[in-house]
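A.B. asks: Pasting in a structure now, in structure tokens, and then I'll have a few things to ask.
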Amino acid sequence: MVGTSPSDSSSLPGSARRDKSQKWQVSPLDVAYHFGTSGLSVAVATGVTHPLDVLKVRLQMQLVGQRGQLTGMGQVFIQVLKNEGPRSLYLGLTPALTRSLLYGGLRLGLYEPSKYVCDQAFGSSNIFVKIASGAFSGAISTAMTNPVEVIKVRLQMNSGSTKAGPIGEMRKIVSEEGVKALWKGVGPAMARAAALTASQLATYDESKRILRRLTPLEEGFNLHLSSSIVAGMVSTLITAPMDMVKTRLMLQRESETLGRYKNGFHCAYQVIRTEGFRALYKGGFAIFARLGPQTTITFVLCEKLREVTGLKAL
């Protein structure tokens, strides 16, 4: 946003920091640009990587409640193309893009204001503040947009549902399972989003700071690209098990042979007990193949859009 960022003010001593931070002001147009650039960058990245998201969901639903040899991403890709056609790789695209605009705008958009509030309250925006700010913005935005995610995952898993579309799928869920079903998996989803946003944004933020200090890189494409690649790797490693649990909970009806999962911890326990610890990383390569490029596209594009609209870099 326009004005002094928390990262700038955190390096200033005492009264100088307070005087400078008091000048941090925004206009309604700045707010629109701030959330708009965030949502648009996430939506573009989602559109590009959506086929990998479909494959990730299919991989995560393999051998539910069983141990055995898992099918690789390449083979699943061929099976989907052969049995359902190329269009199946874009199942659930409409709710995915809708969620990206809303969730992405909030997730990235709330990070900088959260850092600013912490800087004002505690006089610091260190790595722990960045992690807390990212976790807060990720959890809140996911809680608000969870119904769209449930609809997206259901459409991705069942190609026959696409005839009714997202609205038809929502009506079906509400009529057969109740309104509460739209918030299935919201706990693990919030935990995953908190961990994802915290790891992505805090890692990206810190990587930029460290790279500027230790290398000749300055604010620009090369710095954004390098930092976003690091952020993508870290966030994938941290969030893959939570993503698996979230998917299983949202697709409860696909797991009826195992019984109902009571909550996220119960789901994780059941997966480990019946399928082994490695099952928590089912679809892990697909998650990285999707989240890595998605993180890179999101941050590089967001930084460029912020530059075009006159906003400060993240």
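The rows are residues; the columns are (1) in contact (Cβ under 8 Å) with a residue 60 or more places away in the chain; (2) farther than 30 Å from ILE167 by Cβ; (3) surrounded by fewer than 17 Cβ atoms within 10 Å (Cβ to Cβ).
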| position | (1), (2), (3) |
| --- | --- |
| ILE78 | no, yes, yes |
| LEU81 | no, no, yes |
| LEU93 | no, no, no |
| LEU97 | no, no, no |
| SER100 | yes, no, no |
| ARG107 | yes, no, no |
| LEU110 | no, no, no |
| PRO113 | yes, yes, no |
| VAL117 | no, yes, yes |
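A.B. asks: Kindly indicate the residue of the stretch 250-283 that is of a type in the set (A, V, I, L, M, F, W, C) and modelled with pLDDT of 80 or more and also nearest to the chain's Cα centre (by Cα) among those meeting that condition. Don't jump to the end; show me each part of the working.
C.D. replies: Taking the stretch 250-283 first, the residues of a type in the set (A, V, I, L, M, F, W, C) are 250-251, 258, 265, 267-268, 271-272, 277, 279-280.
Okay, now just the ones that are also modelled with pLDDT of 80 or more, so 265, 267-268, 271-272, 277, 279-280.
On the way: PHE265: 20, CYS267: 21, ALA268: 20, VAL271: 23, ILE272: 24, PHE277: 23, ALA279: 21, LEU280: 18 Å.
Applying the filter and picking the extreme gives LEU280.
A.B. asks: Of LEU155, LEU106, which residue is within 30 Å of SER175 (Cβ to Cβ) and more than 15 Å from the chain's Cα centre (by Cα)? Before you say what the answer is, go through the steps one by one.
C.D. replies: Details: LEU106 fails: more than 15 Å from the chain's Cα centre (by Cα).
When all the criteria are applied, what remains is LEU155.
A.B. asks: If you check ALA202, ALA198, which single one turns out to be over 24 Å from VAL153 (Cβ atoms) and crowded, with 21+ Cβ neighbours inside 10 Å? Reasoning before the result, please.
C.D. replies: Working: ALA198 fails: over 24 Å from VAL153 (Cβ atoms).
After ruling out the rest, the residue left standing is ALA202.
A.B. asks: Turning to a different aspect of this structure: Find the helices (runs of 4 or more DSSP H) located wholly in the stretch 84-186 whose residues include 3 or more that are over 28 Å from HIS34 (Cβ atoms) and not small (Gly, Ala, Ser), and list them. Let's see the steps before the verdict.
C.D. replies: On the way: elements: 93-99, 105-109, 111-122, 127-157, 165-177.
In the stretch 84-186, 127-157, 165-177 are the helices (runs of 4 or more DSSP H) which contain 3 or more residues that are over 28 Å from HIS34 (Cβ atoms) and not small (Gly, Ala, Ser).
A.B. asks: Suppose the filter is closer than 25 Å to ILE210 by Cβ and either surrounded by fewer than 21 Cβ atoms within 10 Å (Cβ to Cβ) or modelled with pLDDT under 85 (or both); does ASN158 pass it? Before you say what the answer is, go through the steps one by one.
C.D. replies: Numbers: closer than 25 Å to ILE210 by Cβ: no; either surrounded by fewer than 21 Cβ atoms within 10 Å (Cβ to Cβ) or modelled with pLDDT under 85 (or both): yes.
No; evaluated as a whole, the condition is false for this residue.
A.B. asks: Out of ALA194, ALA240, report the one residue that is modelled with pLDDT of 90 or more, touching a Gly at 6+ places or on another chain (Cβ under 9 Å) and not acidic (Asp, Glu). Steps first, please.
C.D. replies: On the way: ALA240 fails: modelled with pLDDT of 90 or more.
The conditions single out ALA194.
A.B. asks: Now for a separate question. Tally up the residues in the stretch 116-137 that are at pLDDT below 85 and among the charged types (D, E, K, R), please.
C.D. replies: Total satisfying the criteria: 1.
A.B. asks: Sticking with this one: What are the residues in the stretch 273-289 that are in a helix (DSSP H, G or I) and either within 14 Å of MET61 (Cα to Cα) or touching a residue at least 12 places away in the same chain (Cβ under 8 Å) (or both), if any? Give the steps one after another, and end with the answer.
C.D. replies: Start the filter on the stretch 273-289 by keeping residues that are in a helix (DSSP H, G or I), which leaves 273-275, 277-281, 284-289.
Result: THR274, GLU275, ARG278, ALA279, LEU280, TYR281, GLY284, PHE285, ALA286, ILE287, PHE288, ALA289.
For every residue, the table says whether it meets (1) in contact with a Ser or Thr (Cβ under 8 Å, 6 or more places away or on another chain); (2) buried (at least 17 other Cβ atoms within 10 Å of the Cβ); (3) over 16 Å from ALA45 (Cβ atoms); (4) of a type in the set (D, E, K, R).
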residue	(1), (2), (3), (4)
GLY220	no, no, yes, no
ALA231	yes, yes, no, no
THR236	no, yes, no, no
PRO241	no, yes, yes, no
VAL245	no, yes, yes, no
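Conditions tested, residue by residue: (1) under 30 Å from ARG273 (Cα atoms); (2) surrounded by fewer than 19 Cβ atoms within 10 Å (Cβ to Cβ); (3) at pLDDT below 50.
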{"site": "SER10", "(1), (2), (3)": "no, yes, yes"}
{"site": "PRO13", "(1), (2), (3)": "no, yes, yes"}
{"site": "LEU29", "(1), (2), (3)": "no, yes, no"}
{"site": "SER38", "(1), (2), (3)": "no, no, no"}
{"site": "THR46", "(1), (2), (3)": "no, no, no"}
{"site": "LEU55", "(1), (2), (3)": "yes, no, no"}
{"site": "ARG58", "(1), (2), (3)": "yes, no, no"}
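A.B. asks: May I pose another question? Quick one: which of ALA135, ALA143 is farther than 30 Å from VAL76 by Cα and surrounded by 22 or more Cβ atoms within 10 Å (Cβ to Cβ)? Break it down into steps so the answer makes sense when it comes.
C.D. replies: Values: ALA143 fails: surrounded by 22 or more Cβ atoms within 10 Å (Cβ to Cβ).
Exactly one of ALA135, ALA143 is farther than 30 Å from VAL76 by Cα and surrounded by 22 or more Cβ atoms within 10 Å (Cβ to Cβ), namely ALA135.
A.B. asks: Consider ALA231 carefully, then state whether it is closer than 24 Å to VAL57 by Cβ, in a helix (DSSP H, G or I) and modelled with pLDDT of 90 or more. Give the derivation first.
C.D. replies: Working: closer than 24 Å to VAL57 by Cβ: yes; in a helix (DSSP H, G or I): yes; modelled with pLDDT of 90 or more: yes.
So ALA231 passes the test.
The values are calculated or read from the model by the stated rules, or taken from the named source; none is laboratory data. This is a predicted model, so every value here is computed, not measured. Don't worry about glycine lacking a Cβ; one is built from the backbone with ideal geometry, like all the others, and counts go over all protein chains shown.
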